[in-house]
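Beneath this line is the structure, given in structure tokens, with notes to follow.
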Amino acid sequence: MKKSGILGLLALLLAISASCEQEPQLIQVTNTGYAQGSTFQIKYRVLEGKDYSEEIKGIFEAVDASMSTYQSSSLISMINKGDTLVTVDSLFQPVLKRSLEVSKESNGQFDPTIGPMVELWGFGLSKQHEVDSARVDSIKAFIGYQNLRQEGRQVSIPKGFKLDFNAIAQGYTVDVIATFLEAKGIENYMVEVGGEVRARGTNTDGEVWKIGIDKPSEELDEADRFQVIIGLKDAALATSGNYRKFWVDEATGMKYAHTINPETGFPARNRLLSVSIIALNAMDADAYATLCMVKGVQKAIEFLNSKTGLEGYLIYTDEDGDWQVYQTKGFEKYVISKI
């Protein structure tokens with residue numbers, strides 16, 4: 001081969017090599033931090049150099065500006081002033097719609113107007129709480145999703161009523177972030193916010209995303225944390241429990257947990273310790289996990305067995321105080337290991 005030909009071939013090979021070296025590779029990005037009163041962890045596979053942390057931060061801020069009762073300027077706070085029609089945004093609308101659907105389906109066992117009772121029991125803005133049946137009865141007059149008024153995109157509630165989306169909004173936030181990632185062409189991700197999870201595709205090892213369900217212990221033991229490990233793919237998981245967010249009445253020793261039964265006005269008292277729900281989206285998983293906690297063991301089992309598209313894992317105490325587990329048949333296929 002002529003010298004000029006060899007030089008040309010070498011130049012071509014070097015150009016190809018340089019091109020290969022410069023071609024971006026798929027990597028896994030992890031974004032973590034604090035939002036909505038809890039932590040978040042979001043993992044996704046993208047081309048090297050891509051990072052959507054700022055856009056994700058913007059999603060958290062937008063959801064809070066719409067539905068956070070801790071922000072006095074949020075849309076939900078404006079509605080909660082009472083008797084004022086407030087024009088809501090595209091984030092607020094689907095959460096309200098789904099909340100009302102679950103409320104009707106459950107005959108009010110799930111109710112987004114639970115806000116005044118959340119405050120009364122010390123799980124809202126005010127951490128002051130009262131154990132007073134008469135006070136509970138008087139507040140019950142301000143609970144009832146049927147009293148909400150809608151005119152197109154405008155929403156209002158009567159004076160004294162308060163909307164509270166804590167049982168559904170975090171799951172919805174997970175869905176919004178997942179939808180954003182999918183719009184960017186991302187096919188492999190895991191989005192976790194405050195324990196609510198949605199996953200698609202696989203992790204960097206080519207395996208389904210492994211998610212642990214906590215043991216319902218009052219104290220978190222990192223060395224012995226999980227009750228069960230599941231493999232989650234193209235689905236969402238939410239867990240509701242009464243084992244960490246509670247307060248104890250010093251006078252009686254009675255424990256009051258944050259899941260409140262809208263029918264009684266009191267924190268739900270039954271043998272359920274935690275409910276984990278798998279659904280196609282995190283908003284539904286979040287809402288139905290809360291609803292099952294209100295229903296109690298037997299009615300939750302009956303409910304789950306009557307629903308298509310939902311799978312459940314219940315941890316409860318028996319008559320001797322020992323932990324027992326119930327899982328729907330469809331849940332079993334997700335289980336990777338039992339601890």
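The values are calculated or read from the model by the stated rules, or taken from the named source; none is laboratory data. On a predicted model such as this, the values are computed, not experimentally measured, just so you know. No Cβ is skipped: glycine too gets one built from the backbone with ideal geometry, and neighbour counts run over all protein chains shown.
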Candidate set from segment 173-187 (those that are touching a helix residue (DSSP H, G or I) at 6+ places or on another chain (Cβ under 7 Å) and of a type in the set (Val, Ile, Thr)); member that is surrounded by the fewest Cβ atoms within 10 Å (Cβ to Cβ): Val176
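Please find, among Tyr316, Tyr326, the residue that is surrounded by fewer than 24 Cβ atoms within 10 Å (Cβ to Cβ), modelled with pLDDT of 95 or more and outside any helix (DSSP H, G or I). Step through it out loud before you land on a result.
Numbers: Tyr316 fails: modelled with pLDDT of 95 or more.
Tyr326 is the lone residue from the list that is surrounded by fewer than 24 Cβ atoms within 10 Å (Cβ to Cβ), modelled with pLDDT of 95 or more and outside any helix (DSSP H, G or I).
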Residue selected from segment 115-148 under the condition under 11 Å from Gly265 (Cβ atoms), modelled with pLDDT under 95 and assigned to a loop (DSSP other than H, G, I, E, B), by the criterion nearest to the chain's Cα centre (by Cα): Trp121
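Which of the residues that make up segment 151-191 are farther than 30 Å from Gln28 by Cβ, polar (S, T, N, Q) and at pLDDT 95 or above?
Matches in segment 151-191: Gln154, Ser156.
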Residues of segment 312-322 satisfying the condition of being out of contact with any Leu (no Cβ under 7 Å at 6 or more places or on another chain) and either β-branched (Val, Ile, Thr) or farther than 11 Å from Val275 by Cβ (or both): Asp318, Glu319, Asp320, Gly321, Asp322
Residues (outside any helix (DSSP H, G or I), of a type outside the set (A, V, I, L, M, F, W, C) and surrounded by fewer than 24 Cβ atoms within 10 Å (Cβ to Cβ)) located in segment 275-305: Asn281, Gly296
Yes/no for Ala223 being part of a helix (DSSP H, G or I), modelled with pLDDT under 95 and not aromatic (Phe, Trp, Tyr): yes
